[in-house]
Amino acid sequence: MTLFPSNTIAWYTARMFLVRTAAFLIGLIIILESLDLLGESGKILAVAGNSEGDLWTYVSLRVPQLIQLFLPFSVLLATLVTLATLNQNSEVVIFKAAGLSAHRILSPLIIAALGIAIANFVFNERVVTRATHTLRAWQDNDYQKIPPEKLSVTESWVRGDDDLFHAEQVTGAGAATRLQDVTIYDRVDNRLVRVVMAKGARPGGHGWLLSGVRVFDVARGTVTALADLDLTSAVVPRQFTTAGITPAFVPLWHLWPQIAEQRAAGKSVGTLEAAAWHKLSGPLSTVLMPLLGAVAAFGLARSGRLFVRAVIGMFLGFAFFVADNFMLAMGNFGTVPPLMAAWAPFLLFLLIGEAVLIRTEE
């Protein structure tokens, strides 16, 4: 009843799987990064002051993105090669003769893939997010030296309780947030009470300190001009400065609080929620690869159908990636709920892989 009846067999198959995964990943990264660098090196070196060191900077920022993108493909290819090799050498027959079921033969690969998934998640959130943010800023600046980052958001709408804020321009962050040309629609029980218009606003004690104020009283129909106004409001500065959230730039543990702030501001968060859930389901997809590629492990190698089985395993793996990207796109368009967009392909192909394995081998 133990998970690994033979530690020797478990370590033998897991080591084959891990070594081939690393080999495929390194090979893909070298080839793809070489091709990518050929296309971008001219743009980088065309900027005055850039040198060979900037090429290596680009490589250091681009490689983490390629690892994130192609690690699941590497796991799929490593699964197919490992299982096909075991089948070709009749080692699967030996394992079965020793009393190992199909699931026990695959269990070392699944456990190893789970370890890869955990490492991939940590790597994505700690390294890839920073590298992606830095590279995007560098590319947006045409590969010139990046000036000190200055946050500037234009025409931002924010909701706090019943009140609506509209600012033509937002600069700064935190306590240094400054709003220009602000219009505040003060509502009580969804009924407009007054409209406050100000030339500028900054965070105050319990709300915002407005300057150059004009207040329109809806009930009286009068306009009152004030030099300054201390307005109590539930709106916080970060609701303005997080107006443009790019999930690829933000670690998951920071993304969820920002999504909550966006939701409190009355903004649509479906796309952000789908991206947040996919930060979990994406790395976990590596666990599916041994199950989807298992069809290459079984069946008699002498039957001449080993290649066909490997092609079927590859087809199932690539079908998962297509379905995953399709559902994520549907989630971004709001066609399906975010949770379904992120997890439906994973659960569907988990059931498909189990059904094929149980029906054919168990």
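A short reminder: the numbers here are calculations on the coordinates, not readings from a lab. Given the structure is predicted, the values throughout are model-derived calculations rather than measurements. Every residue, glycine among them, receives a Cβ derived from its backbone with ideal geometry; neighbour counts consider all protein chains shown.
Numerical summary
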| read-out | value |
| --- | --- |
| FRET efficiency estimate (nearest 0.05) - Cβ-Cβ, S101 to V308, R0 22 angstrom | 0.40 |
| Separation in nanometres of the label points that stand 7 Å from Cα toward Cβ, at L55 and S41 | 0.4 nm |
| About the Cα centre, charge dipole magnitude for the chain (Lys/Arg +1, Asp/Glu -1 at Cβ), debye | 640 debye |
| P(r) tail fraction, the range 1-74 - alpha-carbon pairs more than 14 Å apart, % | 69 percent |
| Residue (of P290, M327, A219) at the positive-pole extreme of the chain, dipole from beta-carbon charges | P290 |
| Residue-count net charge about L255 - beta-carbon cut-off 10 Å; Lys, Arg +1, Asp, Glu -1 | -1 |
| Dipole in debye (nearest 20) - the range 285-362, about Cα centre, beta carbon charges: Lys, Arg +1; Asp, Glu -1 | 280 debye |
| The range 95-147: radius of gyration and largest Cα-Cα distance (Dmax), Å | 21.0, 66 |
| Protection-proxy order for peptides 253-263, 205-215, each taking the mean of Cβ atoms within 10 Å per residue, highest first | 205-215, 253-263 |
| Over the range 152-240: Kirkwood hydrodynamic radius from C-alpha pairwise inverse distances, Å | 12.9 Å |
| Label assignment, semi-axes √(5λ) of the Cα gyration tensor in Å derived from the structure, set (1) 48, 24, 19; (2) 54, 26, 15; (3) 34, 21, 20 | (2) |
| Dipole in debye (nearest 20) - the range 152-240, about Cα centre, beta carbon charges: Lys, Arg +1; Asp, Glu -1 | 100 debye |
| Under 5 Å, built H, 5+ apart or other chain: amide partners of G207 | S233 |
| At least 30 Å along the helix axis (C-alpha) and Kyte average at least 1.0, DSSP helices within the chain | 7-45, 102-123, 306-333, 338-361 |
| Expected 222 nm ellipticity per residue - DSSP helices of 4 or more, -39500 (n - 2.57), all of the chain, to 500 | -19500 deg cm²/dmol |
| Label zone at D142 (point 7 Å along Cα-to-Cβ), backbone N below 18 Å, the range 25-58 | 40-51 |
| Stretchable slack from T246 to R130, in nm (0.36 nm times residue separation minus alpha-carbon distance) | 40.6 nm |
